[in-house]
Amino acid sequence: MMKIRLFAVVALAAMALGAFGQGPNSSAEEMLASIKAIQPPAYDSSKKDDKAYIDQYMKDYNEAMTKRMDLMLAFYKEYPTHPETPSLLGQRWMNMAPSADTITEIDGVIAAAASPKVVETATYHRARFGIGMSRGDSAKALEAADLFIKKYPQDPRGASLLSSVAETQKTKEDKLAMYERVVREYKDAPGAKYAPGKIKMIKGLGQPFELSFTDAITGEKKTMADFKGKVVVIDYWATWCGPCVADLPKVQKMYSELKDQGVEIISISLDVSEDKGGLKSLRDFVAKNPMPWNHYYQGNYWDSEFSKSWGINSIPALFLVDQNGVLVDVQAREGLESRVKALLKK
């Protein structure tokens, strides 16, 4: 049954090839050129509030990506041992959602064993999808990751898999143990980049939160001692971050209603470096949007030292520091206002 289903997927991709002017007699170079030529449409951010534009953009984007991904699978069928095949399959699977059909496709590629590199790529994505389909079952997630890690113990992508497994752990202790395994087994791997910060985040709960900075708007020097006696929201964000900007009205409302009760905000920007316009972008944004609180511009995008030291690899991310300067919450985005009000009552 598995082979029949995979054959059906490949057959559909082959039909798509015909639609693009490609066929079984096309050379690898021609097929690669066709894949490269299919690009998603450019996004006009000035039309972000135009529903008709957004709907059409998403339709065009999805059509382009579907065509591109179909060609990638068809390329594998025609040239399974080509040097570009593992990369193309990897790109295809990175753009697919976890599902039984996706797993069937990958299992078929593994069984076909076109080349060691193809099998390795497929096994990695099999593990990645397995974690994604574990539905928070940490044991199943770890089992999926270890299927790849035991077969390819030197592959640095194991760090990324274990980091994903860590996020499925239910207890603080289990999550900490998983991140410590990442650091222990994959110290220099790219996927271990934020693991030390994640460990600091877990251990930092219940401990004094230390921070000193120069406000990017006022030029004033600030330390956490300046906020003693207040509940402080630590808001990691960036002007380029769509979800951060979308959350801004909620943060503005909370601040407006609760600032007189003893609430402060420190926005920690992950905008790009000053020479690339990051500081200007921040100042221009704050000038146009009411954000009458504290602003720490780090100036080095995802590699900014402070946010990286706390394992921040996705934004928005919000911490809460209580009136005594103690870090009490590192997942405060959801239900921010109610969390802040609960702290104010203590």
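The values are calculated or read from the model by the stated rules, or taken from the named source; none is laboratory data. Quick caveat: nothing in here was measured; it's all calculated off a predicted structure. Here the Cβ is made from the backbone with ideal geometry for all residues, glycine too, and neighbour counts use every protein chain on show. All accessible areas refer to the heavy atoms of the entire protein, side chains included, with ligands and DNA or RNA removed. Shrake-Rupley method; radii C 1.70, N 1.55, O 1.52, S 1.80 Å.
Straight-distance candidates among the lysines for linking to K288, with alpha-carbon spacing under 16 Å and chain neighbours fewer than 8 residues away dropped: K280.
Think of a 1.4 Å ball rolled over the protein heavy atoms: the chain then has 52 Å² of accessible area per residue. A DSSP coil position with no more than 16 other Cβ atoms inside 10 Å describes none of the chymotrypsin sites (Phe, Trp or Tyr not before Pro) in the stretch 66-123.
The alpha-carbon of K276 sits under 18 angstrom from the alpha-carbons of these aspartates and glutamates, leaving out residues fewer than 8 places away in its chain: D284, D303, E305. Here the spin labels are modelled as points 7 Å beyond Cα on the Cα-Cβ line, and at N313 and D44 they lie 3.7 nm apart. Put the Cα centre of the stretch 281-346 next to the Cα centre of the stretch 173-189 and the gap is 25 Å.
Between K280 and A177, full extension at 0.36 nm per residue minus the direct alpha carbon distance yields a gain of 33.0 nm. Using only Cα positions of the stretch 160-219, each an equal point scatterer, no hydration layer, compute I(q)/I(0) via Debye at q = 0.14, 0.18, 0.27, 0.29 Å⁻¹ and quote the log10 values to two decimals. Log10 I(q)/I(0), no solvent term: -0.47, -0.65, -1.06, -1.17. For Q261 and A287, a Förster radius of 35 Å and the Cβ-Cβ distance give a FRET efficiency of 0.80, rounded to the nearest 0.05.
Sorting Y79, Y186 on solvent-accessible area from highest to lowest, probe radius 1.4 Å, gives Y79, Y186. Computed from label points 7 Å out along Cα-Cβ, the spacing between K59 and S273 is 4.3 nm. Please list 3J(HN,Hα) in residue order for the stretch 302-309, calculated via the Karplus relation 6.51 cos²θ - 1.76 cosθ + 1.60 where θ = phi - 60°; whole Hz, with x for glycine and proline. In residue order, the calculated couplings are 5, 8, 4, 4, 5, 5, 5, 5 Hz. Summarising the amide proton neighbourhood of H82: residues at separation of 5 or more, or on other chains, whose placed amide H is nearer than 5 Å comprise an empty set. Across the protein chains, with a 1.4 Å probe defining accessible surface, the residues D146, D188, D55 rank D188, D55, D146 from largest area downward. Under 19 Å of direct C-alpha separation, and excluding same-chain neighbours fewer than eight residues apart, K117 reaches these aspartates and glutamates: E78, E84, E105, D107, D146, D155.
In a fully extended conformation the segment linking V326 and A28 would gain 101.3 nm over its present Cα-Cα distance, using 0.36 nm per residue. Surface calculation, 1.4 Å probe, protein heavy atoms: S256 sits at approximately 80 Å² accessible. K170 exposes around 150 Å² of accessible area when a 1.4 Å probe is run over every protein chain in place.
A Förster radius of 22 Å combined with the Cβ-Cβ distance from A111 to K36 puts the calculated FRET efficiency at roughly 0.15.
What longest range of the chain stays clear of loop-exposed GluC sites (Glu not before Pro) (DSSP non-H/G/I/E/B, at most 12 other C-beta within 10 angstrom)?
Result, exposed sites excluded: 1-209.
Build a GNM of the chain with springs between Cα atoms under 10 Å apart, and of P116, P196, P41 the one that fluctuates most is P41. With q set to 0.07 Å⁻¹, the log10 of I(q)/I(0) for the chain, from the Debye formula over equal scatterers at the Cα positions, is -0.41. For the stretch 112-126, putting each phi into the Karplus relation 6.51 cos²θ - 1.76 cosθ + 1.60 with θ = phi - 60° gives couplings of 5, 6, 4, 7, x, 5, 5, 5, 4, 4, 5, 5, 4, 5, 4 Hz, in residue order, rounded to whole numbers and with x for Gly and Pro. Values of log10 I(q)/I(0) for the stretch 237-346 across q = 0.18 Å⁻¹ run -0.94, by the Debye formula with one identical scatterer at each alpha carbon and no solvent.
At 10 °C and a viscosity of 1.306 mPa s, what translational diffusion coefficient does Stokes-Einstein give for the stretch 221-267, taking Rh as the Kirkwood radius over Cα pairs? Give it in µm²/s as a whole number. After rounding, the answer is 136 µm²/s. Beyond 25 Å in Cα-Cα separation lie the following of the pairs K253/K341; K170/K198; K170/K345; K51/K250: K170/K345. Each of D155 and E305 was given a label point 7 Å from its Cα along the Cα-to-Cβ line. The distance between the two points is 3.6 nm.
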